[in-house]
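**Student:** So that we are looking at the same thing, I have put the structure below in structure tokens.
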Amino acid sequence: MIFGFNTDVKHGDTIYHVQSEARENERLLQTQVFVRGRCVGKKATSYASKADATFGDTQKEQQLREQHRLVLDAIREGKLEQALDRPEPEVLAAAKELDVQWLNSNSVLADRNLIMQLRVTEGGSAAPGARLTFRFARPGASPFYTQAVADSGGSAEIKIEVDESTLPDSSLLVQANFEGRTATRKFLLRRAE
């Protein structure tokens with residue numbers, strides 16, 4: 001299984017978040033580019049014609065890593081639009097996108113615990129039973145992993161004991177799986193002001 005790649009890259013005054021993942025159900029290697037949490041474009045490569053014993057996880061990961069790097073290089077060179085696909089609007093409208101939303105981003109720390117409330121949706125509707133895998137990375141410690149399952153409204157909550165002073169250097173990677181679809185999001189954390 002390929003978990004995916006997430007990279008922040010700056011060009012000019014803009015910070016781009018580039019997220020790549022293998023969408024197993026659609027047999028796509030997809031790279032999405034976000035600016036301030038909004039998707040500004042995608043690059044997708046189908047591997048449906050290659051999906052046999054000779055095109056396994058190693059080959060998918062290598063091709064996904066190369067696609068991710070090409071998009072990063074395009075951003076650095078100021079040529080992002082040339083690297084992105086231009087799908088027709090009706091194709092985008094027909095695609096059911098899996099999404100992970102952070103519901104309580106303004107209030108997550110209580111009694112030395114990081115409490116995150118998330119909601120998983122597919123095409124704007126709740127994704128009940130979606131499985132969420134969390135990877136919490138913090139300085140001076142091994143990554144911490146945990147899982148949760150979304151309730152009937154697509155919501156899930158995790159609670160992790162943290163030292164608030166490490167939050168500015170910590171990040172949380174969340175992967176949601178629902179009916180063969182996956183979505184991965186990276187959340188940066190910061191200390192309360």
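The values are calculated or read from the model by the stated rules, or taken from the named source; none is laboratory data. Only a predicted model underlies this, so the values are computations on that prediction, with no experimental measurement involved. Using ideal geometry, Cβ is built from the backbone for each residue, glycine included, and neighbour counts are taken over all protein chains shown.
**Student:** Kindly indicate which of ARG181, ARG135 is outside the structural domain of LEU29 (by TED's automatic domain parsing), surrounded by 17 or more Cβ atoms within 10 Å (Cβ to Cβ) and modelled with pLDDT under 90. Walk me through how you get there before you give the answer.
**Tutor:** Details: ARG135 fails: surrounded by 17 or more Cβ atoms within 10 Å (Cβ to Cβ).
So the residue among ARG181, ARG135 that is outside the structural domain of LEU29 (by TED's automatic domain parsing), surrounded by 17 or more Cβ atoms within 10 Å (Cβ to Cβ) and modelled with pLDDT under 90 is ARG181.
**Student:** Restricting attention to segment 1-43, which residues are loosely packed, with under 14 Cβ neighbours inside 10 Å and in a loop (DSSP other than H, G, I, E, B)?
**Tutor:** Correct list: MET1, GLY12, ASP13, ASN25, ARG36, GLY37.
**Student:** I'd like the full set of residues that are assigned to a loop (DSSP other than H, G, I, E, B) and touching a Ser or Thr at 6+ places or on another chain (Cβ under 7 Å), limited to segment 66-87.
**Tutor:** Our first condition is that a residue be assigned to a loop (DSSP other than H, G, I, E, B); within segment 66-87, this holds for 77-79, 84-87.
Answer for segment 66-87, where residues must be assigned to a loop (DSSP other than H, G, I, E, B) and touching a Ser or Thr at 6+ places or on another chain (Cβ under 7 Å): there is none.
This table checks each residue for (1) surrounded by 15 or more Cβ atoms within 10 Å (Cβ to Cβ); (2) modelled with pLDDT under 85; (3) farther than 27 Å from VAL9 by Cα; (4) of a type in the set (Asp, Glu).
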{"site": "GLN63", "(1), (2), (3), (4)": "yes, no, no, no"}
{"site": "PRO89", "(1), (2), (3), (4)": "no, yes, yes, no"}
{"site": "ALA110", "(1), (2), (3), (4)": "no, yes, yes, no"}
{"site": "ALA127", "(1), (2), (3), (4)": "yes, no, yes, no"}
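**Student:** Let me ask you something else. I need a count of the residues in segment 133-163 that are touching a strand residue (DSSP E or B) at 6+ places or on another chain (Cβ under 6 Å) and outside any strand (DSSP E or B).
**Tutor:** Within segment 133-163, residues that are touching a strand residue (DSSP E or B) at 6+ places or on another chain (Cβ under 6 Å) and outside any strand (DSSP E or B) number 5.
**Student:** When only residues in segment 143-165 that are surrounded by 15 or more Cβ atoms within 10 Å (Cβ to Cβ) and among the β-branched types (Val, Ile, Thr) count, which is modelled with the highest pLDDT?
**Tutor:** By that ranking, first place goes to ILE158.
**Student:** For segment 16-39, which residues satisfy the criterion of being within 24 Å of ALA74 (Cβ to Cβ) and in contact (Cβ under 8 Å) with a residue 40 or more places away in the chain?
**Tutor:** Matches in segment 16-39: TYR16, HIS17, VAL18, GLN19, SER20, GLU21, ALA22, ARG23, GLU26, THR31, VAL33.
**Student:** Just one of the numbered conditions (1) within 17 Å of the chain's Cα centre (by Cα); (2) exposed (fewer than 13 other Cβ atoms within 10 Å of the Cβ) is not true of GLU97; which one?
**Tutor:** (2)
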